[in-house]
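Worksheet: one structure, shown below.
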Amino acid sequence: MRKQQGKRIASLDAIRGLAIVNMVAYHAVYDWVYVFGKTADWFGTHAAYLWEQAICWTFILLAGMVSVYSRNLARHGAQVLACAMILTVVTALVLPEQIILFGVLHLLGTAMLLTAMLRPWLQKLPAGIAAAVCFGLFLLLKGVPRGFAGLADIKIWLLPQSLYQAKWAFFLGFPAKGFWSSDYFPLIPWIFLFWTGMFLWQKLRGKGELILRRLPDIPALSAIGRHSLLIYMLHQPLTFAALWLITCWM
């Protein structure tokens, strides 16, 4: 995020840092259960699902918000997408049963590139209305990768199975039968949550920045938030190594 008036908004970094801490903890439990085959019954509960969703929503909304500050969103998006492709190659070679074909980094990189391309038109939209419409579309289409539309996770309309026949369409949100990605965030519906954050911050930026700058700084979380991409790239191999050592000692 570019500096605003010579100073970063530390509380935005801190919120992202808190999401990073939660993400590392969540992935540690995920690896413990699904990679090392250990028991954690609560991980399959609705509370664990809400924990995961809170992390995802925070990351994606924040990414949309801070895109407002970017002077070269296309370059940033290309960097994030390049990191995402590295994750795809590494997981395919090292842990193919946990391959990541279109995870959150793929989503964010692609969303940034599309937003950079569409920015001249997106900026003409009334920000408040656009934020509400995008959030409504996100809720309506959240079940598309699972074959339905409705209200968030509430199934209302089943979608035609013909939409899920093309093997290349998984990145759009139409995975064919047998598709698997251990981290899966297709453009539909998640790009609408990214745009919700972007339009919302365009609308509330002035007052929002004043409020955020008054919040107390948490230096440790702010530092983590400033280096979120690096931590995201490194946390899984480090977590995997730590869990492997733990299992060796048990």
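Of all residues in the stretch 176-217, those that are open to solvent by 60 Å² or more (accessible area, probe 1.4 Å), of a type outside the set (K, R) and outside any helix (DSSP H, G or I) total 5.
Applying the set (1) out of contact with any Gly (no Cβ under 6 Å at 6 or more places or on another chain); (2) open to solvent by less than 50 Å² (accessible area, probe 1.4 Å) to T39 leaves exactly one unmet item: (2).
Confirm whether A84 is touching a helix residue (DSSP H, G or I) at 6+ places or on another chain (Cβ under 6 Å) and crowded, with 18+ Cβ neighbours inside 10 Å. So A84 passes the test. Listed conditions (1) aromatic (F, W, Y); (2) touching a Phe, Trp or Tyr at 6+ places or on another chain (Cβ under 6 Å); (3) within 17 Å of Q202 (Cβ to Cβ) are all met by Y69, apart from (2). Scanning the stretch 151-169 turns up no residue that is surrounded by 14 or more Cβ atoms within 10 Å (Cβ to Cβ) and within 18 Å of the chain's Cα centre (by Cα).
Would you check if there is a residue in the stretch 31-49 being assigned to a helix (DSSP H, G or I), of a type outside the set (V, I, T) and within 30 Å of A116 (Cα to Cα)? Within the stretch 31-49, not a single residue is assigned to a helix (DSSP H, G or I), of a type outside the set (V, I, T) and within 30 Å of A116 (Cα to Cα). Listed conditions (1) buried (at least 16 other Cβ atoms within 10 Å of the Cβ); (2) at negative phi are all met by G173, apart from (2). State whether the residues of the stretch 73-91 include one that is within 19 Å of R205 (Cα to Cα) and touching a residue at least 12 places away in the same chain (Cβ under 8 Å). Yes, the stretch 73-91 contains a residue that is within 19 Å of R205 (Cα to Cα) and touching a residue at least 12 places away in the same chain (Cβ under 8 Å).
Determine if the stretch 101-119 includes at least one residue that is of a type outside the set (K, R) and surrounded by fewer than 17 Cβ atoms within 10 Å (Cβ to Cβ). Give the steps one after another, and end with the answer.
Initial filter on the stretch 101-119 (of a type outside the set (K, R)): 101-118.
Next, from what is left, pick out any that are surrounded by fewer than 17 Cβ atoms within 10 Å (Cβ to Cβ): 117-118.
Within the stretch 101-119, one or more residues are of a type outside the set (K, R) and surrounded by fewer than 17 Cβ atoms within 10 Å (Cβ to Cβ).
With respect to the stated conditions, L238 is under 22 Å from the mean Cα position of the chain (by Cα) and without any contact (Cβ under 8 Å) to a residue 24 or more places away in the chain.
The values are calculated or read from the model by the stated rules, or taken from the named source; none is laboratory data. Computed from a predicted structure; not experimentally measured. Cβ sites come from the backbone with ideal geometry, for glycine too, and all protein chains shown count toward neighbours. These area figures cover heavy atoms from the full protein model, side chains too; ligands, DNA and RNA do not enter into them. Shrake-Rupley method; radii C 1.70, N 1.55, O 1.52, S 1.80 Å.
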